[in-house]
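In what follows, a single structure is set out as structure tokens and then discussed.
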Amino acid sequence: MSKLKRKTYSIGLISYYIGYIVLLVASLMIIPIITSILFLEWNPMLDFIISGAISLIIGVLLIMIGMSAKESKSNVQWKHGFAIAALSWIVLTVLCAIPYRLSGHTFSFLDACFDVMSGFTTTGLVLTQDLDHLSNGLNMWRHMLTFIGGQGMVVLVLTLLAKQIGGAYKMYVGEGKDIELVPNVKGTARHIWEISIVYLIIGTMALWIIGMLIGLNPISAFLHALYIFESSWSTGGFAPNTQNIMYYHSVLYETVAMAIFILGSLNFGLHYAIWQGKRKEIVKNIETQSFFATSFVACILALAGLAKLNVYPDAIAGFRRIIFNVLSAHTTTGFGNIYARQFALEWGDFGILIMVIVMLIGGSACSTAGGFKGLRVGIVFKGLIMDVKKLLSSERSMKVYKYHHIKDRILEDTLIKSSAIIICCYLVTFTIGTLLGTFYGYPISSAAFEYASVAGNVGLTIGVTIPSMPAAMKIFYIISMYLGRLEFLSVFALIGYIFGGVRKTCINILKH
Amino acid sequence: MEISKNKIMGIVFELIAATLYIGLLFVAAVMIMR
């Protein structure tokens, strides 16, 4: 096959699958349309009809462009899988931002894209204005996006597919997930959604009952329960009110949300193993060991640090404000039950530093959480111990080092290296993001806190993320959320793919 | 979606584990902030 033909082939294939993903996700706009009709919100309904129509047209066009490549039964290679996953997130962000912009609750289309990327990546930072008066349709859309984003767009599409498609696993990996619950990827995707839907029912019911107990009317309590569940499980952090989780003034509501986001931040593989009767997995798994160790130490240090500052008067207040926020940061949820500026004014440098560290670590791999993940922290830590042991042992001894993650696995140097590289990528972008914040005049602690929240897909804010922040920071934050969620690799592969194509084209032009 | 005893027990186990962890952190808060 000629080079040009192969290139057209690749573009067609990528276009076909992106069109497919766009079509399926855009068809979900039917849910906010129905919600708007039920609540007699005609303008939001029109916003969603317009957005849905635009998305459907673009989806169909992309499929038509790629139809010939698909019919030729060409294989989806790794580069295609990564490019499909990475590009579909960009296309969907732009399309899903249309109803935000049409609603008039954002100052610009950039702000709308920021909020959609924040939702998809389960970050939870908000530039949308006047959240308390948002229509039910738009609120439903915001929380749906974060719920879908948590599980992954590709995972959703694979779940809805009638039959297995070739190269599906490559797209699945391209979205930052790598665990196989069952031997085929479509089955894995369905199990991921099964786990989420089961908890959706349990969590929404629990929050609905508590909502009614604290005085919300049944319909409002149900909607709030649904939204808060979707945000908690997806470790998103969106809430239907400006005051976030503080709005409910309920320790019970906060505790149930806390339990949901802890469970949401765990690996889907771990949930599946426990549901298969392997209960010991929760203590044996390197990821849960890592998460419980780092989160426990962080909570203790934050409690000790803030007790010294006398910020909170008693243990109940300490539990509600410190433990909740540290766990919210560590699981990368981003629910906050104190005002943004209280972090800067009351928590002190020590408290802020603890929050920055836990936000960067994040939750589990193959979960809804962000950050560089407990699994990588555990692997690098074990790798360090392995190296020390090797140094101390006899030169002749040959020992295989293992770690447990769903099953016993060999701790190989390549795995330690790839884990360390991803951690380095996060730290490099964290440094750049913090530098950018300080360049625009924010104090270093605020810039570091906000950027750790962005890179780790957390969503807690110290007051930097507001509509009047510089556009360059908004764009950099959007890119960072995207990079953080797809764990760099897919985006780098996409950039490499594009640059490779451009380079080859330039060389060909110069040759002729 | 099939419902099995293992699944139900698994969900109950996870909920209890999360509650116990939150409880442990509450005890830690009481110990440190009293």
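The values are calculated or read from the model by the stated rules, or taken from the named source; none is laboratory data. A quick note: this is a predicted structure, and the numbers were derived from the prediction, not measured. Don't worry about glycine lacking a Cβ; one is built from the backbone with ideal geometry, like all the others, and counts go over all protein chains shown.
Some points to look at:
- For segment A:135-162, taking the residues that are outside any helix (DSSP H, G or I) and surrounded by fewer than 24 Cβ atoms within 10 Å (Cβ to Cβ), the one that is nearest to the chain's Cα centre (by Cα) is identified as A:Leu161.
- Here A:Val326 clears all of (1) within 14 Å of chain B (Cβ to nearest Cβ); (2) part of a helix (DSSP H, G or I); (3) over 20 Å from A:Thr123 (Cα atoms) except the condition numbered (3).
- Among the residues of segment A:213-240, the ones that are over 16 Å from A:Ile201 (Cα atoms), hydroxyl-bearing (Ser, Thr, Tyr) and in contact with a helix residue (DSSP H, G or I) (Cβ under 7 Å, 6 or more places away or on another chain) come to 1 in all.
- Condition check for A:Leu460: touching a residue at least 24 places away in the same chain (Cβ under 8 Å) and closer than 26 Å to A:Phe82 by Cβ: no
- For segment A:441-494, a residue qualifies if it is of a type in the set (Asp, Glu) and either at pLDDT below 95 or closer than 17 Å to A:Cys425 by Cβ (or both), and exactly one does: A:Glu487.
- Subset of segment A:237-267 (residues that are surrounded by fewer than 24 Cβ atoms within 10 Å (Cβ to Cβ), more than 14 Å from chain B (Cβ to nearest Cβ) and of a type in the set (Phe, Trp, Tyr)): A:Tyr247, A:Tyr248
- Members of segment A:393-419 that are assigned to a loop (DSSP other than H, G, I, E, B), β-branched (Val, Ile, Thr) and loosely packed, with under 14 Cβ neighbours inside 10 Å: A:Val400
- Exclusive hit being of a type in the set (Gly, Ala, Ser) and under 29 Å from A:Ile210 (Cα atoms), set A:Ala315, A:Ala273: A:Ala315
- For segment A:163-201, the candidate set comprises residues that are exposed (fewer than 15 other Cβ atoms within 10 Å of the Cβ) and at pLDDT 85 or above; within that set, the residue that is nearest to the other protein chains (Cβ to nearest Cβ) is A:Ile197.
- Filtered by the rule that a residue be of a type in the set (A, V, I, L, M) and part of a loop (DSSP other than H, G, I, E, B), segment A:233-270 gives A:Ala239, A:Leu266.
- Among the residues of segment B:14-29, those that are surrounded by 15 or more Cβ atoms within 10 Å (Cβ to Cβ) and either among the aliphatic types (A, V, I, L, M) or more than 8 Å from chain A (Cβ to nearest Cβ) (or both) comprise B:Leu15, B:Ala17, B:Ala18, B:Ile22, B:Leu25, B:Ala28, B:Ala29.
- Filtered residues of segment A:306-319 (kept if surrounded by fewer than 20 Cβ atoms within 10 Å (Cβ to Cβ) and in contact (Cβ under 8 Å) with a residue 12 or more places away in the chain): A:Leu309, A:Val311, A:Ile316
- Residue in segment A:273-290 that is of a type in the set (A, V, I, L, M, F, W, C) and away from chain B (no Cβ under 14 Å) present: yes
- Only one of A:Leu270, A:Leu226 that is touching a residue at least 24 places away in the same chain (Cβ under 8 Å) and either within 14 Å of chain B (Cβ to nearest Cβ) or surrounded by 24 or more Cβ atoms within 10 Å (Cβ to Cβ) (or both): A:Leu270
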